[in-house]
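Below: one structure, written as structure tokens.
The values are calculated or read from the model by the stated rules, or taken from the named source; none is laboratory data. Just so it is clear, the structure is predicted and the values come from calculations on it, not from any experiment. Methodologically, a virtual Cβ is constructed for each residue, glycine included, from the backbone with ideal geometry; neighbour enumeration extends over all protein chains shown.
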Amino acid sequence: MRIDAHQHFWQYNPIRDAWMTKEMSVIRKDFLPDDLQPLLLKNNIDGCVAVQAAQSEEETEFLLGLAYQHPFIKGVVGWVNLKNPNLSEHLSWFSQFKILKGFRHIVQSETEGFLLDKKFIKGITELSNLNFTYDILVYPHQLKETIEFIRLFPNQKFVIDHLAKPYIKSGNIDDWKRAISLCASFENVSCKISGLVTEADWLNWKREDFTSYLDVAIEQFGPKRLIYGSDWPVCLVAASYEQQLNLTEEYLNKLSVSEKTLIMGENAISFYNL
């Protein structure tokens, strides 16, 4: 089974979605399941995982509603306030929704020290108790803190989104490579091959721009801990759905059929318990 393990839905709100700049005008509109399903069918993708794009429990409920209406949505990664002193009550409520697989916070927008905040750490502890996954969304400069963070939770299932957004446009790879390699040394940490086109030159990227970064991902995480995701519709600022998919699949053609099958779906099924 082929799974797109990272995509988003939203009804565009210019205030809430202020992160979408004028240069991102192509995505400043609604994107809903009826927009994605034809793309999945066309590209032989059997299902997807919808990931939060807004920091509210309303966002989680919105995604759950879509998932229960559209069976091709196999899982949801939502948002919950992990610093909430009443978090256990909220998680208890959310645990009834079996299609809700885990949570994410947009840590890339937070200040230094966010991941190591005592309240946040306590929240992550409660996630593992209920077998929820956690998606780590950070920039390369936050990986040092990320390493300290994941070291605290050897039994929590983590996945790093978008290879931690390496600086593909500038070609600066060394610092990112050292840090992402340390992240990969923890066996409970997986990584998503997703969101790469938006870290490159949106208008002038070429396939070769990504090779060295994907080489690091394969070398460090191996085929059993890498998960494919499109990052649709965010990817549209730099590439069509087919372009980002072809970019990944052409690179993976150097692997065996079984290894490619793992990355293109089986790892997502295992990680998120789809």
Item checked: Residue match in the range 99-120 (condition: modelled with pLDDT of 95 or more, farther than 22 Å from Gly229 by Cβ, of a type in the set (Lys, Arg) and outside any loop (DSSP other than H, G, I, E, B)) -> yes
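Every residue, every condition in (1) touching a strand residue (DSSP E or B) at 6+ places or on another chain (Cβ under 7 Å); (2) not small (Gly, Ala, Ser), yes or no:
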| site | (1), (2) |
| --- | --- |
| Glu57 | no, yes |
| Thr60 | yes, yes |
| Leu64 | yes, yes |
| Ala67 | yes, no |
| His70 | no, yes |
| Lys74 | yes, yes |
| Val80 | yes, yes |
| Asn84 | no, yes |
| Ser92 | no, no |
Notebook entry, point to check: Residues of the range 1-40 being assigned to a helix (DSSP H, G or I) and charged (D, E, K, R), which ones?
Noted result: Lys22, Glu23, Asp34, Asp35
Check: Pick from Phe120, Phe132: which is surrounded by 15 or more Cβ atoms within 10 Å (Cβ to Cβ), under 20 Å from Ile269 (Cα atoms) and in contact (Cβ under 8 Å) with a residue 12 or more places away in the chain?
Finding: Phe132
Margin query: Give all pairs with beta carbons closer than 6 Å in which a residue from the range 50-61 that is farther than 17 Å from Lys98 by Cα meets a residue that is surrounded by 15 or more Cβ atoms within 10 Å (Cβ to Cβ) and modelled with pLDDT of 95 or more; count only pairs at least 6 apart in sequence or on separate chains.
Written below: Ala53/His8; Ala53/Trp10; Gln55/Trp79
Check: What tally of residues in the range 160-185 results from selecting those that are closer than 19 Å to His105 by Cβ and not acidic (Asp, Glu)?
Finding: 6
Next item on the list: Exactly one condition in (1) touching a helix residue (DSSP H, G or I) at 6+ places or on another chain (Cβ under 9 Å); (2) within 21 Å of Val234 (Cα to Cα); (3) surrounded by 20 or more Cβ atoms within 10 Å (Cβ to Cβ) is not met by Leu63; state its number.
Entry: (1)
Notebook entry, point to check: Identify, please: which residue in the range 203-230 is without any contact (Cβ under 8 Å) to a residue 40 or more places away in the chain and part of a loop (DSSP other than H, G, I, E, B) and is, among those, nearest to Ile3 (Cα to Cα)?
Noted result: Gly222
Check: Which of (1) surrounded by 12 or more Cβ atoms within 10 Å (Cβ to Cβ); (2) farther than 29 Å from Glu250 by Cα does Ile3 not meet, given it meets every other one?
Finding: (2)
Checklist line | Residue count, the range 121-163 (criterion: aliphatic (A, V, I, L, M) and either under 15 Å from the mean Cα position of the chain (by Cα) or not in a helix (DSSP H, G or I) (or both)) | finding: 8
Item checked: Filter pass, Cys191 being touching a helix residue (DSSP H, G or I) at 6+ places or on another chain (Cβ under 6 Å), in a helix (DSSP H, G or I), under 26 Å from Asn43 (Cβ atoms) and not polar (S, T, N, Q) -> no
